[in-house]
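The values are calculated or read from the model by the stated rules, or taken from the named source; none is laboratory data. All values reported here derive from a predicted model rather than from experimental measurement. Counting neighbours? That spans all protein chains shown, and the Cβs are built from the backbone with ideal geometry, glycine included. The accessibility values were calculated without ligands, DNA or RNA, using every heavy atom of the protein model including side chains. Shrake-Rupley method; radii C 1.70, N 1.55, O 1.52, S 1.80 Å.
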Amino acid sequence: MEAFSYRDFTLQWHITHRCNLRCKHCYQEDYSAFDNREDAERVLDQYCALLHAYGCKGRLNITGGEPLTHPDLYRLLYAARERGIATGVLTNGTLLRAWEARKLKACGVDYVQVSLDGCQKTHDAIRGKGSFESAVQGIIALRSQGIFTSVSFTAQRQNYRDLRRLARYCDLLGADKLWFDRVIIPAEKDSGRLTLSAKEFGQLSKTAARLNRRGKVFCGRALQFIPCKDKQVYHCAAGDNLLIVLANGDVMPCRRLPFVIGNVRKTDLLTLHQNSPLMQKLRGTGIPDGCVGCRYRELCRGGAKCLAYAKTGSFDIADPDCPLAKPCSGNR
């Protein structure tokens with residue numbers, strides 16, 4: 001039997017797949033929602049049982065689709081807080097105004113993440129005309145309530161050069177944090193050629209490092225820390241202290257690793273986490289051979305498994321965008 005020791009455990013809950021936008025990089029293929037209240041309560045109860053079994057703190061991130069389209073969002077946030085679980089909401093921000101911000105504040109939400117994929121022209125080209133201004137108004141509403149507001153920038157070929165200007169704009173808005181990630185689309189499905197090349201990611205990382213030194217961009221995620229002086233590094237949590245629940249009840253180790261390990265309507269979260277062969281395999285994945293000798297290997301542990309899988313079909317090799325990794329397949 002595996003021994004589990006976690007300080008915290010994150011559940012990312014896609015309470016709906018419905019959304020008011022149709023973004024170019026979206027990987028959503030259905031538009032169902034978690035409409036049954038009893039089923040939703042059972043998910044929270046299962047999560048609490050998992051946290052109790054591991055003796056750790058919980059962090060519930062509610063997202064979608066667009067979570068603000070779900071009529072039970074505030075009830076679920078309040079129910080989670082009543083159970084002592086820290087809560088966050090991941091949103092496109094376009095449906096947030098003063099009333100919604102006040103409701104989120106009343107529910108005790110710890111933070112809200114709003115997506116901005118560049119400055120106005122670029123963002124609107126990706127997410128739809130008018131979406132940038134709507135999202136900005138959402139950020140202003142959140143800040144007026146004193147809610148910690150994080151801006152998420154999903155880098156792709158169309159927008160990665162916007163990071164510097166976006167960082168300046170987020171500073172003017174008073175956003176608490178700006179962080180970025182790479183769009184991840186399996187190579188055979190990337191017909192729009194949105195995925196960054198290793199060279200483009202390297203250019204983006206250097207820009208982010210300069211901004212990080214001025215406190216403008218957070219760079220703790222997969223490979224982003226390499227050019228930075230401030231090494232706030234954390235490794236991929238897939239298979240470890242993270243689970244994803246989709247709107248149809250399916251459970252995944254990571255939203256961007258295309259594997260379903262079960263369904264909460266049939267098997268509880270604790271059982272799935274402990275007994276799923278895929279979860280066990282992910283936890284057993286060691287440091288890739290390509291990382292041997294790297295000074296970050298114990299912290300990074302190979303980078304993003306989802307990106308490695310999307311680009312190569314294997315999740316147990318070093319992130320192919322890493323400038324420090326040696327060409328290799330597999331782990332030691």
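Accessible surface ranking for K311, K105, 1.4 angstrom probe, highest first: K105, K311. Per the helix-only calculation at 222 nm, which mean residue ellipticity applies to the chain, given -39500 (n - 2.57) for every DSSP H run of n ≥ 4 and division by its residues, nearest 500 deg cm²/dmol? Rounded to the nearest 500, it is -10000 deg cm²/dmol. Altogether, the Stokes-Einstein calculation at 10 °C and 1.306 mPa s, with the Kirkwood radius of the range 221-325 over Cα pairs as Rh, returns a diffusion coefficient of 110 µm²/s.
Straight-line cross-link reach from K121 at under 15 Å between alpha-carbon atoms covers these aspartates and glutamates, not counting any fewer than eight positions away in the same chain: E133, D162. Sorted from longest to shortest, the spans of the Cα atoms of the chain along the three principal axes equal 51, 50, 36 Å.
With label points built 7 Å along Cα→Cβ from the Cα atoms of Q274 and R42, find their separation and express it in nm. With each label point 7 Å from Cα toward Cβ, the separation is 1.9 nm.
With a 1.4 Å probe and all protein chains left in place, how much accessible area per residue does the chain have, in Å²? List each step's numbers first, then the result.
Details: 15060 Å² over 332 residues.
Here the residues of the chain average 45 Å² of exposed surface.
Placing a label point 7 Å from the Cα of D171 along the Cα-to-Cβ line, the residues of the range 149-163 whose backbone N sits under 20 Å from it are 149-154, 160-163.
Using heavy atoms of the protein chains and a probe of 1.4 Å, the accessible area assigned to K216 is about 70 Å².
Quick check for me: using +1 on Lys/Arg Cβ and -1 on Asp/Glu Cβ, what's the dipole size of the chain about its Cα centre, in debye to the nearest 20? Numbers along the way, then the final one.
Details: 50 positive and 33 negative charges, 278 e Å.
Here the chain has a charge dipole of around 1340 debye.
Ligands, DNA and RNA left out, the accessible area of the chain computed with a 1.4 Å probe is 49% carbon and sulfur.
Among the listed pairs K57/K177; K216/K281; K105/K206; K199/K281, a Cα-Cα separation exceeding 27 Å is found for K216/K281; K105/K206; K199/K281. Averaging the sequence gap over all C-alpha pairs within less than 8 Å and six or more residues apart, then dividing by the number of residues, gives the chain a relative contact order of 15 percent. Among A247, L307, C56, pick out the residue whose Cα is farthest towards the positive end of the charge dipole of the chain, where Lys and Arg carry +1 and Asp and Glu carry -1 on C-beta, about the Cα centre. Selected residue: L307. Given the whole protein assembly as supplied and a 1.4 Å probe, what does the accessible area of R81 come to in Å², nearest 10? For R81, solvent-accessible area is about 100 Å².
Working note: Cα gyration tensor of the range 33-131, eigenvalues times five, square-rooted, sorted largest first, giving semi-axes of 28, 14, 13 Å.
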